[in-house]
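Inspection log for the structure reproduced underneath, given as structure tokens.
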Amino acid sequence: MYRRWGPKRLGLQPTLGWLPILALILLSVLLALLNMGSILRLVFPAGALGIAIWLYGRYPTLYIGFTWWIWFLSPWVRRIADFSGGWQDPNPVLLTPFLVTFVSGATLIRQLPYLTWRGGLPFMGAIAATGYGLLSGIVNGASLTALITSFLYWSVPVLFGFHLYANWHDYPQQRRLMYRCFLWGVLIMGSYGLFQYLTAPGWDRYWMVNSEMPVIGSPEPLQIRVFSTLNSPGPFAQVLSAGLILLLSNARPLQAPASLVGYLALMLSLARSAWIGWVLSLLTLLSASRAKLQIRLAVTVLILGLMVVPLTMVEPFSEVISARVQSLASPDEDTSFNERIETYNNSLDLIATQGLGSGLGVVSRDSRLVLDSGLLELLFGMGWFGGVPYLLGLSTLFFAVFRHPPPDTFVNSVRSISLGTAATVLLGNVLIGMPGMIVWSFLSLGLSGVRFYSEGRGDSA
């Protein structure tokens with residue numbers, strides 16, 4: 001008899017498990033309508049954390065879905081709270097996804113005695129590297145806010161990934177949940193992204209003005225780089241890219257409308273690194289699929305192309321999208337590309353001296369380290385001493401997932417998504433926050449599938 005890695009599973013969508021979630025939604029809406037944003041800022045993170053703890057113990061599969069939706073919606077809830085209660089930065093609402101996800105760290109604590117023989121060492125290596133970065137940040141005088149923020153950004157994707165793999169026995173439930181979660185996620189976030197681009201809602205404009213982020217455009221209709229319910233176009237595009245790859249391999253009634261709004265919103269995000277990641281994910285998925293599935297995927301992509309491309313060639317979409325696409329063909333004339341090249345050139349000497357690292361929370365205050373690369377931020381923050389174990393753990397998981405893939409389209413999809421996202425690490429930090437959740441969670445789900453089939457528990461799907 002095997003010993004359970006996680007809490008007892010009590011069903012995929014239990015009615016009782018939904019009651020506190022619905023209560024939090026209704027309470028949040030009521031507080032927003034009553035212009036009580038200052039109270040919403042406290043109620044939302046506290047309520048979500050309490051629900052997460054309860055779901056983790058009673059309804060673990062529902063906890064996974066709840067966590068993803070908290071990541072999807074928390075930045076938008078923050079904007080609603082600020083719009084009705086006045087600007088506040090930092091805002092407690094933005095801590096919500098990290099608090100909810102950090103609950104999954106209990107799985108790591110429960111399984112510490114078994115890590116050496118249950119495949120958990122790669123995760124432990126990454127967690128240990130993050131812990132080293134935390135200690136290094138303390139020694140090097142990082143501010144408390146920067147230290148906590150950086151630690152959460154780096155640690156929670158790894159903790160959540162381990163939680164998913166630890167519960168590999170529930171792989172079929174996890175697979176169904178993720179298909180459903182990202183189908184609705186792409187549909188809702190994509191639709192809102194188009195609405196945001198065309199109308200520039202007041203709460204989004206209010207946030208754009210106060211956050212002072214010119215890189216996301218101007219707070220006017222048709223002038224916004226779409227970020228939908230998230231805080232910036234990059235993470236939003238990474239989520240859509242992952243969801244759209246999942247939709248390709250799982251035909252559902254809402255697949256066509258979700259894909260239509262999803263691809264159009266993805267293009268309007270103008271996030272070229274996510275576009276590149278999507279292409280890499282698609283090529284990886286095609287190369288790993290059986291001939292019959294390759295044909296189906298190719299036909300699906302062709303049909304979607306016939307639906308989406310004409311929309312990108314008419315106003316008010318064509319001018320902004322075509323200019324961004326053309327910049328891919330002329331990188332030498334692209335400002336951001338040249339800045340990245342200069343950053344890498346200036347950082348080579350610094351990297352060589354970062355054996356111990358400057359610590360988490362310290363990188364951002366070093367005037368020499370204006371970074372837009374996950375690899376550089378990892379090496380500067382954790383040094384070679386922490387960066388190597390982190391990268392070794394991540395590489396080990398990729399090797400395990402790609403070495404013996406089962407005949408399962410979901411496993412092929414999630415490992416392709418992880419690879420496509422991680423491959424853009426030189427173009428942005430995809431190892432932390434929302435992109436990090438995609439890399440570590442989808443890679444862990446792929447590993448769960450491999451383990452599930454290797455134990456003879458599943459059939460091809």
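The values are calculated or read from the model by the stated rules, or taken from the named source; none is laboratory data. Not measured: the values here are computed from a predicted model. Here the Cβ is made from the backbone with ideal geometry for all residues, glycine too, and neighbour counts use every protein chain on show. Accessible surface is based on the protein model in full, side chains and every heavy atom, while ligands, DNA and RNA are left aside. Shrake-Rupley method; radii C 1.70, N 1.55, O 1.52, S 1.80 Å.
Taking all protein chains as they are arranged and a probe of 1.4 Å, the heavy atoms of TRP203 leave approximately 70 Å² accessible to solvent.
Which translational diffusion coefficient, to the nearest whole µm²/s, is obtained for the range 218-303 from the Stokes-Einstein equation, given a Kirkwood hydrodynamic radius over C-alpha pairs, 10 °C and 1.306 mPa s? Approximately 116 µm²/s, per Stokes-Einstein. Rolling a 1.4 Å probe across all protein chains gives HIS404 an accessible area of roughly 120 Å². Determine the dipole magnitude for the chain: charges of +1 sit on the beta-carbon of Lys and Arg, -1 on that of Asp and Glu, nothing else is charged, the reference point is the Cα centre, and the result goes in debye to the nearest 20. Value, rounded to 20: 1940 debye.
Just to make sure I understand: if all protein chains stay in place, what is the order of VAL301, VAL77, VAL388 by accessible area at 1.4 Å, largest first? Walk me through the intermediate numbers first.
Numbers: VAL301 45, VAL77 20, VAL388 75 Å².
Putting VAL301, VAL77, VAL388 in descending order of accessible area: VAL388, VAL301, VAL77.
Close amide H pairs (under 5 Å, H built 1.01 Å from N) link GLY217 with ARG225, residues at least 5 positions away or on another chain. Counting only protein heavy atoms and using a 1.4 Å probe, the accessible area of TYR206 comes to about 80 Å². Per-residue accessible area (protein heavy atoms, 1.4 Å probe) orders GLU319, GLU455 as GLU319, GLU455, starting from the largest. Pairs of Cα atoms in the range 269-325 fall into 10 Å distance bins, from 0 up to the last occupied one, in shares of 21, 41, 30, 8 percent. Within the range 122-216, the percentage of alpha carbon pairs spaced more than 15 angstrom apart rounds to 76%.
Here, the chain has an Rg and a Dmax of 21.4, 63 Å when only alpha carbons are counted. Taking the inverse of the mean reciprocal distance over all distinct Cα pairs, the Kirkwood hydrodynamic radius of the range 20-93 comes to 12.5 Å.
Taking other residues whose beta carbon is less than 13 angstrom from the beta carbon of ALA288, and scoring Lys, Arg as +1 and Asp, Glu as -1, yields +2.
Considering every alpha-carbon pair of the range 36-174, the percent of pairs per 5 Å bin, from zero through the bin containing the longest distance, is 2, 10, 17, 18, 18, 16, 10, 6, 3, 1, 0.
For the residues ILE276, ILE109, ILE224, a 1.4 Å probe over the protein chains yields an accessible-area ranking, largest first, of ILE109, ILE276, ILE224.
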